[in-house]
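Written out below as structure tokens is the structure these notes cover.
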Amino acid sequence: MTANILFAARPDSWAEYEKPLRTALEKTGVSYSLSTEFPPEEVDYIIYAPNSEVQDFTPFTRAKAVLNLWAGVEHVAPNPTLDIPLARMVGGGLTEGMVEWVTGHTLRHHLGMDAHIVNPSNHWKPSPPPLAYERSVTILGLGELGRACATALAGLGFAVSGWSRSPKMIEGVTCHHGDSGLKDAIQDAEIIILLLPNTPATENTLNAETLALTAPGAFVINPGRGTLIDDDALLAALESGQIAHATLDVFRKEPLPADHPYWSHPKVTVTPHIASDTRPGPASEVIAENVRRGEEGAPFLHLVDRSAGY
Ligand code: NDP
């Protein structure tokens with residue numbers, strides 16, 4: 001039986017995905033047909049991403065799984081018409097990219113690089129930064145990406161803490177969990193990195209109350225989701241100096257509207273949701289492996305717990 005695989009991600013990404021997907025699928029030995037068009041009732045797997053035209057899954061009566069190309073699933077997990085397994089992207093180049101982006105922006109703030117890159121007065125002002133072990137970094141979210149970033153930063157010597165829903169043990173990282181663990185994780189943190197998913201439970205995790213717990217003059221780095229931050233509270237904390245700088249990759253509305261105060265704020269760095277992108281080569285291997293599993297009746301990898309929303 002041939003597995004019909006519908007590429008329902010953005011049409012403009014078909015050109016970059018078609019070849020790597022075929023290469024990865026060939027290796028599985030599965031008999032397949034891959035296309036951007038099938039009658040819905042003949043589709044076995046749906047490769048999916050935000051902005052996909054498919055919003056109603058009910059016509060896909062024989063589909064076995066939706067395979068999301070993104071790590072975040074807030075655009076599909078709550079869809080009430082979806083009643084088949086939903087797998088998200090884990091790997092696919094995302095972890096490496098996020099570790100690089102997070103490490104780079106953490107080091108920028110830790111080393112105070114801006115003072116030397118932007119030095120309008122040409123002042124010779126030696127002020128050596130602290131060493132990494134003197135700098136406390138807290139990562140909110142210790143999943144695939146948060147754990148990898150925590151491990152990388154701990155490897156550089158930073159004093160890393162983290163927070164997740166369930167208990168974790170990560171070498172070199174002080175782990176907190178559950179609602180009661182958030183305060184301990186943020187208390188006196190000098191750099192806060194957000195790698196939580198967008199769910200109702202994580203909305204406004206950084207708010208006036210939690211921002212007040214950080215060390216004065218702390219840095220916020222958000223490659224997670226815009227909803228994790230109460231924007232008004234962050235702007236107030238930047239104004240008061242409680243937060244020295246925020247580096248933001250994700251926003252409640254994307255693209256970030258031209259008149260948003262973040263664009264021109266001297267203490268905010270905006271990057272356009274590029275912290276980490278799914279790479280077609282390795283991502284195709286992940287998709288193909290799940291198709292293989294589906295065809296063999298084996299459990300899918302990276303399934304989303306839709307009741308938790310991630
Ligand atoms: P995971 O699902 O692997 O990890 C999520 C982490 O958040 C887990 O540790 C989880 O806890 C924790 N968490 C979830 N809800 C809560 C809660 N209510 N309280 C405390 N902790 C909670 O996701 P990934 O690491 O793969 O990705 C994280 C997010 O990064 C994505 O959801 C996406 O929004 C964002 N992202 C951004 C990209 C970018 O380019 N800017 C690229 C890729 C991802 P537990 O471990 O106990 O389940």
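All of the numbers you see were taken from the coordinates with simple rules; none came from a lab. For clarity, every value in this text was computed on a predicted model and none was experimentally measured. As a convention, Cβ positions derive from the backbone with ideal geometry for all residues, glycine included, and neighbour counts pool all protein chains shown.
Summary table
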item	result
Extension reserve of the TRP14-LEU156 stretch, reckoned as 0.36 nm per residue once the Cα distance is removed	47.3 nm
Kirkwood-based shape ratio for segment 141-283, expressed as Rg/Rh from alpha carbons	0.96
GNM flexibility winner over the chain from ASP230, ASP188, ASP56 (Cα, springs under 10 Å)	ASP56
Calculated P(r) of segment 1-124 - Cα pairs past 20 Å, %	55 percent
Estimated FRET transfer efficiency when R0 is 30 angstrom, pair ILE117-LYS183 (beta carbons, to 0.05)	0.30
Antiparallel DSSP beta bridges within the chain, percent to nearest 5	5 percent
Inter-label distance for ARG252 and ALA208, nm, one decimal - labels placed 7 Å from Cα along Cα-to-Cβ	1.5 nm
By average C-beta atoms within 10 angstrom, highest first, the peptides 94-107, 123-136	94-107, 123-136
Spin-label model distance (nm) - ILE274 vs GLU53, 7 Å beyond Cα toward Cβ	2.9 nm
Amide hydrogen neighbours beyond the local backbone of HIS177, cut-off 5 Å, H modeled	SER164
Anchor LYS267: aspartates and glutamates whose Cα lies under 15 Å away (excluding residues fewer than 8 positions away in-chain)	ASP114, ASP231, ASP232, GLU239, ASP249
Extended-chain gain in nm, criterion 0.36 nm per residue less alpha-carbon gap, LEU131 and GLU41	26.4 nm
Cα pair distances of the chain binned at 20 Å [whole percent]	31, 51, 17, 1
Förster-model FRET efficiency, 30 Å R0, ALA298 and THR81, C-beta, rounded to 0.05	0.70
